[in-house]
1. Among the listed residues 18, 56, 80, 87, identify the single one that is over 19 Å from residue 204 (Cα atoms), away from the ligand (no atom under 16 Å from the Cβ) and part of a loop (DSSP other than H, G, I, E, B).
2. Suppose we filter 201, 174 for residues that are farther than 28 Å from residue 76 by Cα, buried (at least 17 other Cβ atoms within 10 Å of the Cβ), among the hydroxyl-bearing types (Ser, Thr, Tyr) and touching a His at 6+ places or on another chain (Cβ under 8 Å); which single one remains?
3. So which of 224, 212 ends up being away from the ligand (no atom under 16 Å from the Cβ), crowded, with 16+ Cβ neighbours inside 10 Å and assigned to a helix (DSSP H, G or I)?
4. Please go through region 21-52 and pick out each residue that is out of contact with any His (no Cβ under 6 Å at 6 or more places or on another chain), more than 14 Å from residue 90 (Cβ to Cβ) and assigned to a loop (DSSP other than H, G, I, E, B).
5. Could you list, ordered by first residue, the pairs with Cβ atoms under 9 Å in which the first is in region 54-79 and open to solvent by 30 Å² or more (accessible area, probe 1.4 Å) and at pLDDT 95 or above and the second is in a loop (DSSP other than H, G, I, E, B) and away from the ligand (no atom under 14 Å from the Cβ), at least 6 apart or interchain?
6. Return yes or no: is residue 126 within 16 Å of the ligand (Cβ to nearest atom), within 21 Å of residue 209 (Cβ to Cβ) and either open to solvent by less than 10 Å² (accessible area, probe 1.4 Å) or free of Cβ contacts under 8 Å to residues at least 40 places away in the same chain (or both)?
7. For region 284-299, give me each residue that is open to solvent by 20 Å² or more (accessible area, probe 1.4 Å) and either aromatic (Phe, Trp, Tyr) or in a helix (DSSP H, G or I) (or both).
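The values are calculated or read from the model by the stated rules, or taken from the named source; none is laboratory data. All values derive from a computational prediction rather than experimental measurement. Here Cβ is always computed from backbone atoms with ideal geometry, including for glycine, and neighbour counts include all displayed protein chains. Surface areas here come from the heavy atoms of the whole protein model, side chains and all, with no ligands, DNA or RNA. Shrake-Rupley method; radii C 1.70, N 1.55, O 1.52, S 1.80 Å.
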Amino acid sequence: MHVLHIAGARPNFPKLAPVHRAACVAGWQQTIVHTGQHYDVALSEQFFRELSIPHPDENLEVGSGTHAVQTARIMERLEPILDARRPDWVLVYGDVNSTVAAALVASKLGIRLAHVEAGLRSFDRSMPEEINRMVTDRLADLLLTPSRDAGETLRREGEPDDEIEFVGNVMIDTLLHVLPAARASGVRAGLGVGDDAVIVTLHRPSNVDDPVRLARVVAALRAVAEERPVLFPVHPRTRQRLVDSALSLGRIRIMDPVGYLAMLDLVSGAYAVVTDSGGLQEETTALGVPCFTLRPNTERPVTITEGTNELVPDPDALAARVAALRTHRPAGRIPEGWDGAAATRIVAALTKRGGSASV
Ligand code: UD1
């Protein structure tokens, strides 16, 4: 069996790592193609190192660009590689531009495509990721879902039963695998952060690209920072917007993006998390840490129905929601299949379908 993994942007890497490890145990041939969508050391190389992912076999070095430019560049550079290597399966992860670009190339070459984290929907097409998810799922031959509701969504969309496999959440495989090392890293102590801190991440265009919205978000975070420490590792896109806006940050503590281990140490010991990231909504649920998601919707509803996540569409409401934790902290429970064995189930699902190369 030969599987070829596509990795492009930061959230892909913790999903790829456990699948790669499980496929190693199975003795499979593996190829890693990095599209180069994320290229900063802090967003890419550091994750490969910390998660023990081998150096990519190919790097397409596409860099940044508009959505069409980035997607087109990936497609153009990936096609000859897939054509030459002809793996049994192409594995794509999550919902970034690299995911959909690779899905288009693989399916047109008649190479079987498996989507890890299939079936998530925000039902909000103003999010580029929603378009990436819909198109990728439509093309995939194997839909590997992280939660039961994702499978139901796919069936409602008409996907055949035999293409859908509930495998659980592969991100949580990574979280559980590295949590002891993250906690032993001493990052929180080194930064002088106690258990009363709120950790913030924001990078969605809907929060940071509109100056009026960004000003409201920053005002909300400043209000929280009057009460307790607020730490904000800033994505490059957000940093640029903050510089452009020249907003005053008050007591908010800004820092450069941190690696996976440092982030996990910060989040696992946090009083609460404020975010618009998909991954953090899941990680906080797995860790039992309260999470406030500054969005009107989520493609991960299980983090609300079962976990510790709460949507806060209006930033003006944030400080009161954080303050309310003094009297009530959400209990939450761990969703089914968020148990550290999702990658093993992915390998089993692929094994069941065998290794012949064409669709
Ligand atoms: C991408 C994903 C998003 C994911 C996020 C995680 C898409 C559509 N978006 O968003 O789903 O949640 O990654 O981080 O695929 N930049 C750098 N260094 C880099 C990469 C980017 O400085 O290594 C800057 C560039 O100015 C670039 C901007 O960030 O234009 C946006 O990068 P891009 O990959 O287009 O989207 P993200 O916002 O990172």
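1. Working: 18 fails: part of a loop (DSSP other than H, G, I, E, B); 56 fails: away from the ligand (no atom under 16 Å from the Cβ); 80 fails: part of a loop (DSSP other than H, G, I, E, B).
87 is the lone residue from the list that is over 19 Å from residue 204 (Cα atoms), away from the ligand (no atom under 16 Å from the Cβ) and part of a loop (DSSP other than H, G, I, E, B).
2. Numbers: 174 fails: touching a His at 6+ places or on another chain (Cβ under 8 Å).
Only one candidate passes the filter, namely 201.
3. Working: 212 fails: crowded, with 16+ Cβ neighbours inside 10 Å.
Only one candidate qualifies: 224.
4. Scanning region 21-52 gives 26, 27, 36, 37, 38, 39, 40, 41, 42, 43, 51, 52.
5. 79/109
6. On the way: within 16 Å of the ligand (Cβ to nearest atom): yes; within 21 Å of residue 209 (Cβ to Cβ): yes; either open to solvent by less than 10 Å² (accessible area, probe 1.4 Å) or free of Cβ contacts under 8 Å to residues at least 40 places away in the same chain (or both): no.
It is false that residue 126 is within 16 Å of the ligand (Cβ to nearest atom), within 21 Å of residue 209 (Cβ to Cβ) and either open to solvent by less than 10 Å² (accessible area, probe 1.4 Å) or free of Cβ contacts under 8 Å to residues at least 40 places away in the same chain (or both).
7. Passing the criteria: 286, 287.
Yes/no per residue for (1) basic (Lys, Arg); (2) more than 30 Å from residue 4 (Cβ to Cβ); (3) at pLDDT below 95:
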{"residue": "304", "(1), (2), (3)": "no, yes, no"}
{"residue": "307", "(1), (2), (3)": "no, yes, no"}
{"residue": "311", "(1), (2), (3)": "no, yes, no"}
{"residue": "314", "(1), (2), (3)": "no, yes, no"}
{"residue": "336", "(1), (2), (3)": "no, no, no"}
{"residue": "347", "(1), (2), (3)": "no, no, no"}
{"residue": "356", "(1), (2), (3)": "no, no, yes"}
